[in-house]
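Asker: Can you read through this structure? Questions will come right after.
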Amino acid sequence: MNPTHILVATFPGQGHINPSLQLAKRLVKMGIEVTFMTSVFARKRMANATTEDSPKRLTFVEFSDGYDDGLKPCDDGKRYMEEMKTNGIEALKNIILASSKRDHPVTCLVYSHLFAWAAEVAREVHVPSALLWIEPAAVLDIYYYYFNGYGGDIDKCSNEIQLPKLPLLSKNDIPIFLLPSTPERFRLVVKEKLDVLDAETKPKVLVNSFDELEKDALRAIEKYELIGVGPLIPSGFLGGEDLSDKSYGGDIFKLSENNYIEWLDSKPESSVVYVSFGSMFVLPKTQMEQIAKGLLDCGRPFLWVIRENEHDGNNEDDQKWSHFEELERIGKIVRWCSQLEVLSHPSLGCFLTHCGWNSVMESIVFGVPVVAFPQGFDQPTNAKLIEDVWKTGIRVHKNEDSGIVEGDEIMKCIEKTMDDGEKSQEWRNNANKWKGLAREAMGENGSSNKNLMYFLKELGHV
Ligand code: UDX
């Protein structure tokens, strides 16, 4: 039998690369040979993405998705995904077939969820595959239920949607792709992911989550085998063997040089509000101004990530940004930061986040209470889990007429998280509890480690 060689194929978005690369590094540490495949653009921009301790076991392969300089705001997203698929299928086939002619053929494919087509390629060339699900298990469950008997219930968009093994949901908690207001083609993207899984018997899904966090959700779909292998965070932050491993190593945005760590060092313990909306979302200027207002009204020190591409593209408009100087007096604005270093800093008090799953996982690992400000995709569901299931924070509410979350609401939610009241105390205690459980899961005898070893054993790895 050939030695295990896993090909990890990942969509070139930061939210996909971070957990995928982390999984790849963990596999390498377990003695597995890994090839990591992503686009030319992402690979070009990924910093330090090598494991110095065992470089021979981790190989990077990039493919041209037709957008080697990255996706521009004027590009058509649908076309981008189509070209990604066409070019990706060809590249994947070539990599797998070339490997079979060498000593180390690929023996398993792990693909991130926007690469559903990758599973079809694997089937065609008779290589087993597993999906790496980079969102919570609960979201995969909701998608599954939608196409398996509960579509009508979800479509009704009521305030009481009861799905098996999940908390009672309201219309505000449903992933955006399933809302009636979302164009049909996005639901079809979800359907395609499930169809690919349904073509297999008991398909394996590696989930960036852990057993204690999503006990029921990880077991909700009988037809699939969901395997909790998270949190997929560098081991240096989890008290693992290699304490120097403190970076994902795959940043596709340039790291800010803005001395923000020194700035955090100068702040009292638990005093800073960290604000970030991840790597993709662009907020309207009116919303940014309301966030600024909320932060100024709080008067607490804050660190706010505003990416270079995080504006509406109209430079003249950007220059009219009010409050900018005032903001820089009490807070710090950076283009990008090492979020892991920031969240693990003792001066951190709370995290105002869009609830991308990586950010949520990171808030759990570092025990940071959350002000949840969901934007799209899975984020409304993630916000629901934070507020009502794990109880580590509060969710903001928008003004139904304007669709904007007002500064006053943002200020109130931050204050409620940062003050010494009963609620903030409860959220802090819960955040600490989950932090401990996340570390346990990743310990040598923890559930995530055992689950990953089980997965390898199933592949025939000894
Ligand atoms: C996307 C989707 O938007 C999200 O809904 C889904 O759950 C995952 O994929 P993204 O919006 O980028 O993700 O957010 P998130 O999942 O939070 O991932 C962002 C990553 O970038 C995090 O790992 C975070 O640590 C990192 N980051 C972000 C930085 O390192 N520095 C920053 O300044 C901002």
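Asker: (1) modelled with pLDDT under 95; (2) within 20 Å of the chain's Cα centre (by Cα): which one isn't true of Leu188, the others all being true?
Answerer: Condition (2) is where Leu188 drops out.
Asker: Given the condition crowded, with 20+ Cβ neighbours inside 10 Å, within 30 Å of Ile414 (Cβ to Cβ) and at pLDDT below 95, answer yes or no: does some residue in segment 213-232 qualify?
Answerer: Within segment 213-232, none of the residues are crowded, with 20+ Cβ neighbours inside 10 Å, within 30 Å of Ile414 (Cβ to Cβ) and at pLDDT below 95.
Asker: Could you list, in sequence order, the residues of segment 10-45 that are of a type in the set (A, V, I, L, M, F, W, C), open to solvent by less than 10 Å² (accessible area, probe 1.4 Å) and within 16 Å of the ligand (Cβ to nearest atom)?
Answerer: Ile17, Leu21, Leu23, Ala24, Ala42
Asker: List the number of the failed condition for Ser181; all other conditions in (1) away from the ligand (no atom under 16 Å from the Cβ); (2) in contact with a helix residue (DSSP H, G or I) (Cβ under 9 Å, 6 or more places away or on another chain) hold.
Answerer: Evaluating Ser181 over (1) away from the ligand (no atom under 16 Å from the Cβ); (2) in contact with a helix residue (DSSP H, G or I) (Cβ under 9 Å, 6 or more places away or on another chain) leaves (2) as the failure.
Asker: Related question: Checking the condition aliphatic (A, V, I, L, M) and either within 28 Å of Leu340 (Cβ to Cβ) or free of Cβ contacts under 8 Å to residues at least 24 places away in the same chain (or both), which residue from Ile154, Ile176, Ile221 passes? Let's see the steps before the verdict.
Answerer: Details: Ile154 fails: either within 28 Å of Leu340 (Cβ to Cβ) or free of Cβ contacts under 8 Å to residues at least 24 places away in the same chain (or both); Ile221 fails: either within 28 Å of Leu340 (Cβ to Cβ) or free of Cβ contacts under 8 Å to residues at least 24 places away in the same chain (or both).
Within the list Ile154, Ile176, Ile221, the selection yields Ile176.
Asker: So for segment 241-254 (the condition being within 15 Å of the ligand (Cβ to nearest atom), open to solvent by 20 Å² or more (accessible area, probe 1.4 Å), over 28 Å from Trp434 (Cα atoms) and touching a residue at least 60 places away in the same chain (Cβ under 8 Å)), does at least one residue qualify?
Answerer: Yes, segment 241-254 has at least one match.
Asker: In segment 284-309, which residue that is more than 10 Å from the ligand (Cβ to nearest atom) and part of a loop (DSSP other than H, G, I, E, B) is farthest from Gly13 (Cα to Cα)?
Answerer: Per the stated criteria, the residue is Gly299.
Asker: Against the condition polar (S, T, N, Q), in contact with a Lys or Arg (Cβ under 9 Å, 6 or more places away or on another chain), at pLDDT 95 or above and within 23 Å of Ile176 (Cα to Cα), how does Thr392 come out, does it pass?
Answerer: yes
Asker: Identify the residue in segment 128-162 that is in a loop (DSSP other than H, G, I, E, B) and at pLDDT 95 or above and, among all such residues, is surrounded by the most Cβ atoms within 10 Å (Cβ to Cβ). Walk me through how you get there before you give the answer.
Answerer: Taking segment 128-162 as the starting set, the residues that turn out to be in a loop (DSSP other than H, G, I, E, B) are 128, 134-136, 156-160, 162.
Adding the requirement that they be at pLDDT 95 or above leaves 128, 134-136, 162.
Details: Pro128: 17, Ile134: 30, Glu135: 24, Pro136: 25, Gln162: 11.
Out of the qualifying residues, it is Ile134.
Asker: Out of (1) in contact with a Leu (Cβ under 9 Å, 6 or more places away or on another chain); (2) away from the ligand (no atom under 16 Å from the Cβ); (3) of a type in the set (A, V, I, L, M), the odd one out for Met84 is which?
Answerer: If we test Met84 against (1) in contact with a Leu (Cβ under 9 Å, 6 or more places away or on another chain); (2) away from the ligand (no atom under 16 Å from the Cβ); (3) of a type in the set (A, V, I, L, M), just (2) comes out false.
Asker: With the requirement that a residue be outside any loop (DSSP other than H, G, I, E, B) and open to solvent by 70 Å² or more (accessible area, probe 1.4 Å), what does segment 73-92 give you?
Answerer: Correct list: Lys78, Arg79, Glu82, Lys85, Thr86, Glu90.
Asker: A further question follows. Every residue in segment 189-236 that is in contact with a helix residue (DSSP H, G or I) (Cβ under 7 Å, 6 or more places away or on another chain) and of a type in the set (S, T, N, Q), please.
Answerer: Asn208, Ser209
The values are calculated or read from the model by the stated rules, or taken from the named source; none is laboratory data. All values reported here derive from a predicted model rather than from experimental measurement. Because the Cβ atoms are built from the backbone with ideal geometry, glycine has one as well, and the counts that use them run over all protein chains shown. Areas reflect the complete protein model, heavy atoms only, side chains present, ligands, DNA and RNA absent. Shrake-Rupley method; radii C 1.70, N 1.55, O 1.52, S 1.80 Å.
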